[in-house]
Amino acid sequence: MSASQTSADWDVLIAQDAIARRVHEIGERISADYAGQRPMLVTILKGGFIFLSDLMRAIRIPHEVDFLSVQHTGPWDRPDPDVRILHDLRSSVSGRHVLVVEGIVGTGATLKFVRDYLEIRSPKSLHFCCLLRKKVGDQAPIPMRYVGFEIPEEFVVGYGLDYLQRHRNLPFVARFHP
Ligand code: IMP
Ligand code: MG
């Protein structure tokens, strides 16, 4: 059974099969780029967990996963640049090849925080992967090694991303219009 493609408050922006193809391509690239390095994939909860679960099954080399949970203060559409750690990594990243896996990059404030947080813990390498990158004028300049899709500056839900904790379970990415 496939999920409905229309709703009063969202419409599909990136279809399920397009996501699957792109995730597979990124998995192939990661498998080649990190061969022999046993990378540690660090996902930012909650939004990145669906992407991670599909991505890790598209990666054909040994790797580990770990989780960081961060929280913004402020309203959902104007998050405060202040970010705090709710749940820390279980493993040490020191000397490891770390790839941060994020669902979506908007202002880049979250990744900037995560980069600073991880960098001082001396990983051997630190790179970033996101499924979606919004075209935001004043985005923090975080170089991304892998980007799934560039999207306009619109609010999206699905494939792990929420609006007030709803719609994470949609199997595609949808534009949200309340
Ligand atoms: P940032 O603006 O790049 O720091 O993004 C902050 C966080 O806001 C992301 O990690 C997501 O959790 C969330 N976010 C940003 N844009 C969207 C969106 O369009 N839909 C759902 N969550 C979003
Ligand atoms: Mg959210």
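Which one is nearest to ligand 1 (Cβ to nearest atom), of the residues in the range 36-53 that are open to solvent by less than 50 Å² (accessible area, probe 1.4 Å) and touching a Lys or Arg at 6+ places or on another chain (Cβ under 9 Å)? If we take residues in the range 36-53 being open to solvent by less than 50 Å² (accessible area, probe 1.4 Å) and touching a Lys or Arg at 6+ places or on another chain (Cβ under 9 Å), then Gly47 is nearest to ligand 1 (Cβ to nearest atom). Could you please find all residues in the range 148-176 being away from ligand 2 (no atom under 14 Å from the Cβ), open to solvent by 30 Å² or more (accessible area, probe 1.4 Å) and in a strand (DSSP E or B)? Across the range 148-176, the qualifying residues are Phe149, Glu150, Arg175. Would you call Val114 farther than 23 Å from Asp17 by Cβ, more than 14 Å from ligand 2 (Cβ to nearest atom) and open to solvent by less than 20 Å² (accessible area, probe 1.4 Å)? When the stated conditions are applied, Val114 passes them.
Residues that are farther than 21 Å from Val93 by Cβ and in contact with a helix residue (DSSP H, G or I) (Cβ under 7 Å, 6 or more places away or on another chain) within the range 119-167 comprise Leu131, Gly148, Phe149, Tyr159, Gly160, listed in sequence order. Taken over the range 127-138, the criterion of being open to solvent by 50 Å² or more (accessible area, probe 1.4 Å) and more than 16 Å from Asp33 (Cα to Cα) is satisfied by Arg133, Lys135, Gly137, Asp138.
Among the residues making up the range 52-65, a single one is closer than 10 Å to Val101 by Cβ and outside any helix (DSSP H, G or I): Val65.
Would you call Arg145 at pLDDT 95 or above, open to solvent by 70 Å² or more (accessible area, probe 1.4 Å) and away from ligand 2 (no atom under 13 Å from the Cβ)? Spelling it out, Arg145 is indeed at pLDDT 95 or above, open to solvent by 70 Å² or more (accessible area, probe 1.4 Å) and away from ligand 2 (no atom under 13 Å from the Cβ).
Filtering the range 119-126 for residues that are open to solvent by less than 20 Å² (accessible area, probe 1.4 Å) and in contact (Cβ under 8 Å) with a residue 12 or more places away in the chain leaves an empty set.
Scanning the range 96-110 for residues that are free of Cβ contacts under 8 Å to residues at least 60 places away in the same chain and either open to solvent by less than 30 Å² (accessible area, probe 1.4 Å) or in a strand (DSSP E or B) (or both) turns up Val98, Val100, Glu102, Gly103, Ile104, Val105, Gly106, Gly108, Ala109. Step by step: first the residues of the range 143-172, then only those that are among the hydrophobic types (A, V, I, L, M, F, W, C) and near ligand 1 (Cβ under 9 Å from one of its atoms), then the one that is nearest to the chain's Cα centre (by Cα). Which residue is that? Ranking the qualifying residues of the range 143-172, first place goes to Leu161. Find the residue count for the range 89-112, including only residues that are of a type outside the set (Gly, Ala, Ser), closer than 19 Å to Pro39 by Cβ and under 17 Å from the mean Cα position of the chain (by Cα). Residues in the range 89-112 being of a type outside the set (Gly, Ala, Ser), closer than 19 Å to Pro39 by Cβ and under 17 Å from the mean Cα position of the chain (by Cα): 7 in total.
The values are calculated or read from the model by the stated rules, or taken from the named source; none is laboratory data. Because the structure is predicted, anything quoted here is derived from the model rather than measured. Counting neighbours? That spans all protein chains shown, and the Cβs are built from the backbone with ideal geometry, glycine included. Calculation scope for accessible area: heavy atoms of the full protein, side chains included, ligands and nucleic acids excluded. Shrake-Rupley method; radii C 1.70, N 1.55, O 1.52, S 1.80 Å.
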